[in-house]
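J.: The structure's right below; bear with me while I get my questions together.
The values are calculated or read from the model by the stated rules, or taken from the named source; none is laboratory data. If you're wondering where the values come from, they're calculated on a predicted model, not measured in any experiment. We place every Cβ from the backbone using ideal geometry, glycine too, and count neighbours over all the protein chains shown.
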């Protein structure tokens, strides 16, 4: 394959031509090790006849150029395992493509592994072996080498042919609409919007906290989330998880007591002590409304097992992985919490299994 045509957001004529294609194969390269929000470094686009690499970094072109992006976002995108690609595009532009089809989702509905990688999909469909020599490349460095550009272009070279093949197979089985619906779910804004007050769910060790310690940890995690977002730095660069847990448990009331916390950055304390102490006090003053996860009773364990057996049976008849039909966490939530908002109770899954599961509940 020849090297892709490299463009940037100032190439409006080329972008307009790309936008005339009804469907685009898209992949992205980004860096997230040193930032809170992923840094979009490259967008690979295949139109069927040509492959382009859109470079948002070259010549200082602003990646937030919404006018240039709008043409591309009005198309239907074909992606593979596309949630992170959609996320970085959303974080960069504030927008999403008009429609998406995820080939990993489509492959799973044909009985392939739900986590099937792109290279394995290409091997399975076309008996082509793709190189994996640049999986840890620094995509923010310029200029990009020919080897990197070749590697990047291969990530979209087979996406549209894969789309055609997967669609043909799924339509024979009457499952194409399933793939479309599950892919469209990736455009749900709630997957990508950041709520600082839910940041405690990413705080390692917080599940064991109760009472005031839990409430303080919630405020501290929210403060760190906002700081990381404001400075565009990884959360752990602001304060490490273990330090936040120690603060939540010890609940210091002075700057010196904060400094005495093991492994804490004194410089950070000097800069942020007022905010930290305020978060601690707010947490201590909050009425404890946290309900720890319920433990299932023996009857609930038995019911959960029945639900899992039913899902396994239906999935086996469909020749798909049971987790695609109903992951265990959805079934557990239904049995223990009475939560029937899981996907298995809606859409195409409901007719196949969800309605029966609801009756069993």
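J.: Looking only at the range 105-124, how many residues end up being surrounded by 23 or more Cβ atoms within 10 Å (Cβ to Cβ) and assigned to a helix (DSSP H, G or I)? Break it down stepwise before answering.
T.: First, the residues of the range 105-124 that are surrounded by 23 or more Cβ atoms within 10 Å (Cβ to Cβ): 105-107, 109, 121.
Now restrict to residues that are assigned to a helix (DSSP H, G or I): 105-107, 121.
Result for the range 105-124: 4.
J.: Determine which member of the set 260, 246 is loosely packed, with under 14 Cβ neighbours inside 10 Å and free of Cβ contacts under 8 Å to residues at least 24 places away in the same chain. Write out each step before concluding.
T.: Values: 246 fails: loosely packed, with under 14 Cβ neighbours inside 10 Å.
Only one candidate qualifies: 260.
J.: Let me ask something additional. What are the residues in the range 142-161 that are touching a residue at least 60 places away in the same chain (Cβ under 8 Å), surrounded by 17 or more Cβ atoms within 10 Å (Cβ to Cβ) and in a helix (DSSP H, G or I), if any?
T.: Scanning the range 142-161 gives 149, 150, 152, 153, 154, 155, 156, 157, 159, 160.
J.: Within the range 309-342, track down each residue that is touching a helix residue (DSSP H, G or I) at 6+ places or on another chain (Cβ under 6 Å), closer than 25 Å to residue 104 by Cα and surrounded by 17 or more Cβ atoms within 10 Å (Cβ to Cβ).
T.: Of everything in the range 309-342, those that are touching a helix residue (DSSP H, G or I) at 6+ places or on another chain (Cβ under 6 Å), closer than 25 Å to residue 104 by Cα and surrounded by 17 or more Cβ atoms within 10 Å (Cβ to Cβ) turn out to be 311, 314, 315, 322, 324, 325, 326, 330, 331, 342.
Residues are listed down the side, and each one gets a yes or a no for (1) over 29 Å from residue 220 (Cβ atoms); (2) under 28 Å from the mean Cα position of the chain (by Cα); (3) not assigned by TED's automatic domain parsing to the domain that holds residue 209:
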residue: 269; (1), (2), (3): no, no, no
residue: 276; (1), (2), (3): no, no, no
residue: 311; (1), (2), (3): yes, yes, yes
residue: 318; (1), (2), (3): yes, yes, yes
residue: 328; (1), (2), (3): yes, yes, yes
residue: 334; (1), (2), (3): yes, yes, yes
residue: 342; (1), (2), (3): yes, yes, yes
residue: 352; (1), (2), (3): yes, yes, yes
residue: 355; (1), (2), (3): yes, no, yes
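J.: Then there's this: Within the range 189-238, restricting attention to residues that are touching a helix residue (DSSP H, G or I) at 6+ places or on another chain (Cβ under 6 Å) and not in a helix (DSSP H, G or I), which residue is nearest to residue 282 (Cα to Cα)?
T.: Taking the range 189-238 first, the residues touching a helix residue (DSSP H, G or I) at 6+ places or on another chain (Cβ under 6 Å) are 192, 196-197, 199-200, 203-206, 209, 212-213, 215-228, 235, 238.
With not in a helix (DSSP H, G or I) added as a condition, the list becomes 192, 203-205, 209.
Working: 192: 27, 203: 18, 204: 21, 205: 20, 209: 16 Å.
This residue is 209.
J.: Would you confirm, using the coordinates I've provided, whether residue 173 is within 15 Å of the chain's Cα centre (by Cα) and loosely packed, with under 14 Cβ neighbours inside 10 Å? Show your work before the answer.
T.: Working: within 15 Å of the chain's Cα centre (by Cα): no; loosely packed, with under 14 Cβ neighbours inside 10 Å: yes.
No: the conditions fail for residue 173.
J.: For residue 166, work out the one condition from (1) assigned to a loop (DSSP other than H, G, I, E, B); (2) modelled with pLDDT of 95 or more it doesn't fulfil.
T.: Going through (1) assigned to a loop (DSSP other than H, G, I, E, B); (2) modelled with pLDDT of 95 or more one by one, residue 166 breaks only (1).
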